[in-house]
Amino acid sequence: MYNKKSPSFNANPINVITLHSEEQAVLASSILEGYDTTIAQLLSCCIEQEGAAYRAVLDGANGAAYDRWLQALRTACQTHGIPMLELHTARYMKEPEQLLAEFHPYLTDNRAFGVMASDVDIEAYFHSTARADWQHEVDQFLQEQQRESSSSVETQKALIVTAGPGARFISTESHVSLYCDISRELQQKLHREGMGSLGLGPCKDPVETYKHALFLEWPVWEHYRKRELYAFDYYVDMNDQDHPISITTSSLKGLFGALAKQPFRVKPFFAPGIWGGQYLKQLCNLPEDEWDNCAWSFEPIAPENTLLVGVEGHMLELPFPLLLQAYPEQVLGSRNVKLFGDYFPIRFNYLDTIDGDNLSLQVHPQQAYIEETFNDRLTQQESYYIMEQKPDSSPYVALGFTEGMTGEKLLEAVDQAHESHVPLDLKQYVNVLDAHKGDLYMIPPGTVHLSGPNNLVLEISSTTWWFTFKIYDHLRLDKDGQPRPINREFAAANMIDRFDTAFVQEQLVAKPQIQRVQGDSVEELLGEREDLLFQVKRLQLAGPWHDETHGAFVMYNLVEGGRVRLIPEDNEEAAVEWGYAEAQIVPAEVGRYRIEPIDDQPCTLICAQVAPSWNTPLLPHHWKAE
C-alpha cells in the first residue's frame with residue numbers, strides 16, 4: 001500500500017478573527033442566528049413602523065432557500081396578526097425559452113464551453129414591465145388592506161416581502177434588505193439534486209449545468225452582488241439552510257478588514273472524477289459511502305472557495321471573493337492589484353491518480369485565444385509538483401511532443417483510434433517522462449500534457465480551471481455513460497509544435513536552484529518562466545525561518561512533514577498552524593513573519609507568489625469602471 005499520511009487533515013478550517021475586546025463585542029452584537037431571531041427583529045421594526053406597510057427585501061443567490069424564509073415569515077405574521085404580501089422575483093422573469101434564446105450567444109451549442117457574459121446585467125432576466133408589475137401588485141395589496149381596515153393606509157401594519165434573486169432591483173423601495181448567499185459548492189450540490197441554472201430550467205447533464213453557471217449565471221449575478229452588497233442592510237450566510245446567520249453589511253466589512261491583516265486558510269473544495277484516486281479520499285476522511293474516488297481538491301481556487309470565519313462564538317461561511325473585493329490591496333498587494341484587480345491569480349489544487357487512472361491528454365488555451373474565443377481574461381498556466389506516489393509503481397507524466405511530431409499528426413492518430421477503437425500508443429506522440437517525488441514540471445499554455453496513474457500532483461497554476469481541451473481520453477466513457485467531451489477544434493488551435501523533447505528537457509523540467517539559507521533551512525527556486533505568472537519555491541524547513549511579504553501575498557502548502565506554525569511578527573496573536581497537504585495564504589498586509597516546524601520535525605513547504613518578472617496586466621471584467 002502507498003505511504004498515506006495520518007488522517008489529521010482539517011477539511012473545515014476556521015479562521016478566528018483577532019480583534020480588541022471592544023471591537024469583538026460590537027461585531028458579535030451585529031450577528032443574528034436562525035430564522036426566528038432575524039424575523040423577530042424584522043417584525044419588531046414592522047410593528048413600530050409608522051405610515052405605509054413595512055417593506056422587506058430578501059435578495060441573493062440562486063438556491064438560497066427563499067421558501068424557508070417565506071414560510072417562517074408567514075407563520076410569524078399569522079401569530080402577530082400582520083397581513084403579509086409575498087412577491088417572488090421568479091414571477092417577473094422572462095420564460096426559460098426566451099432567456100435561452102436571448103442568452104444563446106453566451107451559452108453556445110458547445111456542450112462544455114460558452115462565452116463569458118461580462119456585458120449582461122441582471123435586468124436582462126426580467127420582463128421590461130417587471131418593476132411596474134411589482135408596484136401594481138403592491139398598490140393593490142395596500143388598497144385591499146385599507147378597505148378591510150378602519151385605519152388608513154398610513155397607519156396599517158402590514159408586511160410586504162419581495163424574495164428571490166434580483167429582489168432589490170425589482171423593488172422600488174424597502175425598509176430593510178437582506179442579501180441571502182450560498183457557496184458555489186452548495187449551488188453545485190443543489191444542481192446535482194435537480195436545481196437548474198437561474199431562470200433557465202433543468203439542463204441535459206452536469207457538464208451543461210456547470211457551463212450555464214460558469215459562463216452566464218455567476219458572471220452576471222456575482223457582479224450584481226459585488227456592485228450592490230454594501231447597499232443591503234444584512235448579509236445572510238445560508239450555507240446551513242436550517243440555521244441562517246445574518247450580519248450587518250457594515251460589520252461584514254469590518255470583519256473582512258481584520259481578516260485581511262492575518263494569515264488565513266480557505267475551505268477546501270473536493271470533486272470526484274472518472275480517473276480519480278484513493279489517496280485524497282483517505283487523507284481527507286471523505287465519506288466512504290459517498291465517494292468512490294477523489295480526483296480534485298482545490299485550496300485555494302478563489303471563485304469556488306469559501307472562508308470559515310469565527311468571531312465571538314459565531315461561525316460564518318463567506319465566499320473568498322468577498323474578502324478580495326472588500327480589501328484587494330491589503331490581501332493581494334498594490335502591484336498585484338495593478339496586474340489582476342481584485343482577482344486572486346494563483347491556485348493550488350490536487351490531482352489524485354493513486355490507485356486511479358490517466359488524466360486525458362490535454363492542452364490549455366493561449367492568452368489571445370481565451371480572450372477572443374471565450375471572453376475570459378486569464379488563461380490556464382500550470383505546473384505539476386509530484387507530491388506523493390504509490391510505492392512499487394511506475395508513475396509518469398506526459399509533456400510536449402516527441403521529436404518531429406505535430407499537433408496535426410496527433411489529431412489524425414486520435415481520429416484513427418476513435419474509428420478503430422484501438423488505444424493510442426502515447427509514447428509515439430508525446431514525451432512520457434518517469435516522474436519522481438519532488439519533481440516540478442512547468443506547463444505553459446499550448447503544451448500537451450497529462451499525469452499518469454499513481455501520482456498525487458500538487459498543481460500550482462493560474463486561477464483558471466475549466467479551459468481544458470481534451471485531445472485524447474483513452475476511449476473511455478464518463479460516469480454518466482457519455483463520452484467525455486473531446487475538444488478537437490480548440491485543441492488544434494492551441495497546441496504548440498515547438499514544445500518538443502528538447503524544449504521540454506531544457507525548459508519545462510525544473511532544475512532547483514538554492515536561493516537562501518538560514519541555519520539548516522534552505523529555500524530553492526523551482527520554477528519561473530516569462531510565460532507563467534507565478535513563481536514556485538521550495539522551503540526545506542529545519543528550524544525557524546524569517547521572511548516578509550514585501551507587499552505581495554504569499555501562499556504555502558506543506559508537502560512533507562507533520563505540522564508548521566506561521567507567526568506574524570507584528571501580530572503574534574494571529575499565528576496559525578497547519579498540517580500536511582493543507583495551505584495557507586499570507587496577505588500582503590502581514591509584512592514580516594516567521595515559520596517554524598512544530599516539535600522540531602523537519603518539513604518541506606511549497607511557496608508560490610506572483611513572479612517578480614510578470615508585468616502583463618490581466619484585469620477582470622468591470623475593473624476599469626470601478
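The values are calculated or read from the model by the stated rules, or taken from the named source; none is laboratory data. These numbers come from a predicted model, not from an experiment. Because the Cβ atoms are built from the backbone with ideal geometry, glycine has one as well, and the counts that use them run over all protein chains shown.
What's the total number of residues in the range 600-618 that are of a type in the set (S, T, Y) and outside any loop (DSSP other than H, G, I, E, B)?
1
If you go through the range 361-390, how many residues are more than 30 Å from V559 (Cα to Cα) and either among the hydrophobic types (A, V, I, L, M, F, W, C) or assigned to a strand (DSSP E or B) (or both)?
3
Among the candidates V432, V422, which residue alone is free of Cβ contacts under 8 Å to residues at least 40 places away in the same chain, farther than 23 Å from R111 by Cα and either among the acidic types (D, E) or assigned to a loop (DSSP other than H, G, I, E, B) (or both)? Outline the logic, then answer.
On the way: V432 fails: either among the acidic types (D, E) or assigned to a loop (DSSP other than H, G, I, E, B) (or both).
Selected residue: V422, the only one of V432, V422 that is free of Cβ contacts under 8 Å to residues at least 40 places away in the same chain, farther than 23 Å from R111 by Cα and either among the acidic types (D, E) or assigned to a loop (DSSP other than H, G, I, E, B) (or both).
Only one of F256, F264 is at pLDDT 95 or above and in contact with a Phe, Trp or Tyr (Cβ under 8 Å, 6 or more places away or on another chain); which?
Just a single option satisfies the conditions, and that option is F256.
Check the range 239-249 and report whether any residue there is at pLDDT below 95, touching a helix residue (DSSP H, G or I) at 6+ places or on another chain (Cβ under 9 Å) and not assigned by TED's automatic domain parsing to the domain that holds I122.
no
Please name all residue pairs, on different chains or six or more residues apart, with Cβ atoms under 6 Å, provided the first residue is in the range 447-463 and is in the same structural domain as M387 (by TED's automatic domain parsing) and the second residue is basic (K, R).
N454/K390; S461/R347; T463/R347
Please go through the range 379-432 and give me each residue that is of a type in the set (G, A, S) and surrounded by fewer than 19 Cβ atoms within 10 Å (Cβ to Cβ), ordered by number.
S393, S394, G404, A413, A417, S420, listed by residue number.
Return the residue satisfying two criteria in turn: it lies in the range 96-146 and is among the hydrophobic types (A, V, I, L, M, F, W, C) and surrounded by fewer than 14 Cβ atoms within 10 Å (Cβ to Cβ), and of such residues it is farthest from G199 (Cα to Cα).
The selected residue is A132.
Here is a list of conditions, (1) crowded, with 21+ Cβ neighbours inside 10 Å; (2) touching a Phe, Trp or Tyr at 6+ places or on another chain (Cβ under 9 Å), and E217 meets all of them except one; can you say which number that is?
Of (1) crowded, with 21+ Cβ neighbours inside 10 Å; (2) touching a Phe, Trp or Tyr at 6+ places or on another chain (Cβ under 9 Å), only one is false for E217: (2).
Looking only at the range 166-214, count every residue that is modelled with pLDDT under 95, of a type in the set (D, E) and buried (at least 22 other Cβ atoms within 10 Å of the Cβ) and tell me the total.
Matching residues across the range 166-214 total 0.
From Q330, Q325, Q278, grab the single residue that is within 28 Å of S360 (Cβ to Cβ) and either among the charged types (D, E, K, R) or touching a residue at least 40 places away in the same chain (Cβ under 8 Å) (or both). Outline the logic, then answer.
Details: Q330 fails: within 28 Å of S360 (Cβ to Cβ); Q325 fails: within 28 Å of S360 (Cβ to Cβ).
Every option except Q278 fails the conditions.
Being within 30 Å of K261 (Cβ to Cβ) and either touching a residue at least 40 places away in the same chain (Cβ under 8 Å) or in contact with a strand residue (DSSP E or B) (Cβ under 9 Å, 6 or more places away or on another chain) (or both) narrows it down to one residue among V504, V522, V509; which is it?
Working: V504 fails: within 30 Å of K261 (Cβ to Cβ); V509 fails: within 30 Å of K261 (Cβ to Cβ).
Going through V504, V522, V509 in turn, the sole match is V522.
For the range 569-591, how many residues are touching a residue at least 24 places away in the same chain (Cβ under 8 Å), in a helix (DSSP H, G or I) and over 22 Å from V610 (Cβ atoms)?
2
What about K281, is it in the same structural domain as N455 (by TED's automatic domain parsing) and in a helix (DSSP H, G or I)? Full working, then the answer.
Values: in the same structural domain as N455 (by TED's automatic domain parsing): yes; in a helix (DSSP H, G or I): yes.
It is true that K281 is in the same structural domain as N455 (by TED's automatic domain parsing) and in a helix (DSSP H, G or I).
Scanning for something acidic (D, E), under 30 Å from E23 (Cβ atoms), touching a Pro at 6+ places or on another chain (Cβ under 8 Å) and touching a residue at least 24 places away in the same chain (Cβ under 8 Å), does the range 224-234 turn up at least one residue?
The answer is no, given that none of the residues of the range 224-234 is acidic (D, E), under 30 Å from E23 (Cβ atoms), touching a Pro at 6+ places or on another chain (Cβ under 8 Å) and touching a residue at least 24 places away in the same chain (Cβ under 8 Å).
Given the structure, is V397 part of a loop (DSSP other than H, G, I, E, B), among the β-branched types (V, I, T) and in the same structural domain as G356 (by TED's automatic domain parsing)? So that I can check it myself, show each step before the final result.
Numbers: part of a loop (DSSP other than H, G, I, E, B): no; among the β-branched types (V, I, T): yes; in the same structural domain as G356 (by TED's automatic domain parsing): yes.
For V397, the condition - part of a loop (DSSP other than H, G, I, E, B), among the β-branched types (V, I, T) and in the same structural domain as G356 (by TED's automatic domain parsing) - is not met.
Let's see how each residue does on (1) touching a strand residue (DSSP E or B) at 6+ places or on another chain (Cβ under 8 Å); (2) closer than 25 Å to Q24 by Cβ:
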site: P272; (1), (2): yes, no
site: G277; (1), (2): yes, no
site: Q282; (1), (2): no, no
site: P287; (1), (2): no, no
site: T306; (1), (2): yes, yes
site: V309; (1), (2): yes, yes
site: H314; (1), (2): yes, yes
site: L323; (1), (2): yes, yes
site: S334; (1), (2): no, no
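Checking the conditions here, which among Y343, Y369, Y350, Y385 is under 23 Å from V430 (Cβ atoms) and under 16 Å from the mean Cα position of the chain (by Cα)?
Y350
Would you check which residues across the range 433-450 are of a type outside the set (A, V, I, L, M) and either buried (at least 24 other Cβ atoms within 10 Å of the Cβ) or under 25 Å from V414 (Cα atoms) (or both) and list them?
Result: D434, Y441, P444, P445, G446, T447, H449.
Anything in the range 178-198 that is among the charged types (D, E, K, R) and closer than 14 Å to W218 by Cβ? List them, or say none. Before you say what the answer is, go through the steps one by one.
First, the residues of the range 178-198 that are among the charged types (D, E, K, R): 181, 184-185, 189, 192-193.
Within the range 178-198, D181, R184, E185 qualify.
So, Q41, is that one without any contact (Cβ under 8 Å) to a residue 12 or more places away in the chain and either among the β-branched types (V, I, T) or under 18 Å from D237 (Cβ atoms) (or both) or not?
yes
From the list H223, H175, H136, exactly one residue is closer than 23 Å to V120 by Cα and not aromatic (F, W, Y). Which is it?
Exactly one residue qualifies, and that residue is H223.
Taking interchain pairs and intrachain pairs at least six residues apart, which have beta carbon atoms under 7 angstrom, with the first residue in the range 595-619 and free of Cβ contacts under 8 Å to residues at least 40 places away in the same chain and surrounded by fewer than 20 Cβ atoms within 10 Å (Cβ to Cβ) and the second acidic (D, E) and part of a strand (DSSP E or B)?
Taking only residues 6 or more apart or on different chains, the pairs are I598/E577.
Pairs needed: first member in the range 112-134, in the same structural domain as K211 (by TED's automatic domain parsing) and assigned to a strand (DSSP E or B); second member anywhere, buried (at least 16 other Cβ atoms within 10 Å of the Cβ) and of a type in the set (K, R); C-beta distance under 7 Å; at least 6 residues apart or different chains.
F126/K94
With the requirement that a residue be touching a Phe, Trp or Tyr at 6+ places or on another chain (Cβ under 6 Å) and either charged (D, E, K, R) or surrounded by fewer than 20 Cβ atoms within 10 Å (Cβ to Cβ) (or both), what does the range 510-544 give you? Spell out how you get there, then give the answer.
The first filter runs over the range 510-544 and keeps only residues touching a Phe, Trp or Tyr at 6+ places or on another chain (Cβ under 6 Å), leaving 518, 521, 533.
The answer is Q518, and nothing else.
Suppose the filter is modelled with pLDDT under 95, out of contact with any Cys (no Cβ under 9 Å at 6 or more places or on another chain) and hydroxyl-bearing (S, T, Y); does T464 pass it?
The answer is yes for T464.
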